[in-house]
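Here the structure comes first, spelled out in structure tokens, and everything after it is commentary.
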Amino acid sequence: MPLTPKLPLDAAHAEARPCCAPVPVSCADTPAGENAPAGVQKRRSAKRRVSPLADRQFLNEFKALSGVANYHAPAASDVPAIVSMGMGYAPSDPLPSYLTKTPRHWRDATDEVQGFFAFQALTGAGPVVGFTVWCSPEIDAKARATGKPLPWLHKRLKEALDDELGPVQWMASLEEEKTADGTLLLHVHGAGAFGNLTRSRRRGIRKAMRSALGSWDGRASRYQCKLKIARDDGWASYMTKRCWLALPGVRKRFACDRPGSQWRLSFDGPAFTMTNSVRARAKELHQQAREIVIEARGLAKASAGTQSAPETETPAPEFPRLPRGALAAQEEPEGLAPAPRACTWEPETIRSRSRDPPGSGASVSAGPDPPLPERRLVGQVAEHELTALAVAQRDDG
């Protein structure tokens, strides 16, 4: 049996094998319990509780209550929805509990909800201008190198707009799309209160955005930056249409998708941002909307409880039960010949007979079957009558 030489256990050899080194444990990693040191508590970071479905329902109800948009129930009655007209609404069907829970606070709201109220905050500052700007390949590479592209692009865009136009209010979302050569290129959708879009104003906005996000070469620069007037919150909904892909749970769900998949983002970090002044005003509007929806839901539950009060029903009369065998004794009294039994065969039994192929599994139809053809019905009746006649003649002798 070959002997394995023992390795020297000196300090130099121990440093050369880091896998044998003990893992340092700090007091912060020790759970707060009986074995934890006195006065030491484990710090846990609060996770964001985001519910896109509940936030969408909250947003639809607020739009209907405030008159921003008329939200009607779908045609199918089995789909739970809110039927809203004016300042009153009532559930068409009982909604699931995860949809009717208390609307979340601003910090836990989805980007769709925050984008809607940010747009409402911008409308109070004047005409809202929507913009779409593509990054140059150089700026795209630098932004991705930071690990979180949007905060870095936000800083560059804010500095460029403030230097060109002065302090302005705006919001933006980050997306990516494949180019002609198959590479993913970042672009920004946004909206801002830039005032009246005069020719010189447009020129200044485009100049600032090209300075922040890079400039395309040649005639392609004409299509790099697009501006338009955003007349309603539809632009805010379009901006945040893919922000849900940046949620931690969604990122984890599609992490195994192939590179370049439309459900997998190739960048980390947030996908929606806004200036501090817009955020402060949007937070106030969101809190007011929460109070309106919570009050309306309470009134709807109260009215539904009064309408669905159970009505008293008269009990059905109970008839005395006869002992077993009493009914048979009444039908055939003693001393009399048994009455002839009527023929139990009826043409309806032929009509209700299933004509499905064997093994189909459809033994009972939802409605009455169509009648048999006349020739087939007559043949079956004749066959039954001839058999019964032959048996009767044989009995008579």
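The values are calculated or read from the model by the stated rules, or taken from the named source; none is laboratory data. Computed from a prediction, not measured in an experiment: that's the story for all the values here. Cβ atoms come from the backbone with ideal geometry, glycine included; neighbour counts cover every protein chain shown.
If you go through region 240-257 and keep only what is over 12 Å from Pro270 (Cβ atoms) and in contact with a strand residue (DSSP E or B) (Cβ under 6 Å, 6 or more places away or on another chain), you end up with just Arg242.
Kindly provide the set of residues from region 125-172 that are part of a helix (DSSP H, G or I), of a type in the set (A, V, I, L, M) and either within 31 Å of the chain's Cα centre (by Cα) or crowded, with 19+ Cβ neighbours inside 10 Å (or both), ordered by number.
Of region 125-172, the ones part of a helix (DSSP H, G or I) are 137-145, 149-165.
Then keep just the ones that are of a type in the set (A, V, I, L, M); that gives 139, 141, 143, 145, 150, 153, 157, 160-161, 165.
Listed by number, the residues that qualify are Ile139, Ala143, Leu150, Leu153, Leu157, Leu161.
Out of curiosity, is Asp257 under 25 Å from Glu112 (Cβ atoms) and in contact (Cβ under 8 Å) with a residue 40 or more places away in the chain? No, not satisfied. Residues in region 173-185: is at least one at pLDDT 95 or above and buried (at least 24 other Cβ atoms within 10 Å of the Cβ)? Yes: region 173-185 contains one or more residues that are at pLDDT 95 or above and buried (at least 24 other Cβ atoms within 10 Å of the Cβ).
When Phe117, Phe62 are screened for being surrounded by 23 or more Cβ atoms within 10 Å (Cβ to Cβ), over 19 Å from Glu175 (Cβ atoms) and at pLDDT below 95, only Phe62 passes. Scanning region 173-193 for residues that are part of a loop (DSSP other than H, G, I, E, B) and not charged (D, E, K, R) yields a total of 4.
Only residues that are under 25 Å from Val113 (Cα atoms) and among the small types (Gly, Ala, Ser) were counted across region 205-254, and they come to 6. Assigned by TED's automatic domain parsing to the domain that holds Arg279, under 27 Å from Gln114 (Cβ atoms), of a type outside the set (A, V, I, L, M) and part of a helix (DSSP H, G or I): does that describe Arg202? It is false that Arg202 is assigned by TED's automatic domain parsing to the domain that holds Arg279, under 27 Å from Gln114 (Cβ atoms), of a type outside the set (A, V, I, L, M) and part of a helix (DSSP H, G or I).
Would you say Asp233 is closer than 18 Å to Gly130 by Cβ and among the acidic types (Asp, Glu)? Please lay out each step first, then the result.
Details: closer than 18 Å to Gly130 by Cβ: yes; among the acidic types (Asp, Glu): yes.
So Asp233 fits the description; yes.
Taking region 205-225, which residues are part of a loop (DSSP other than H, G, I, E, B) and surrounded by fewer than 16 Cβ atoms within 10 Å (Cβ to Cβ)? If the condition is that a residue be part of a loop (DSSP other than H, G, I, E, B) and surrounded by fewer than 16 Cβ atoms within 10 Å (Cβ to Cβ), then Asp217 is the only one that fits.
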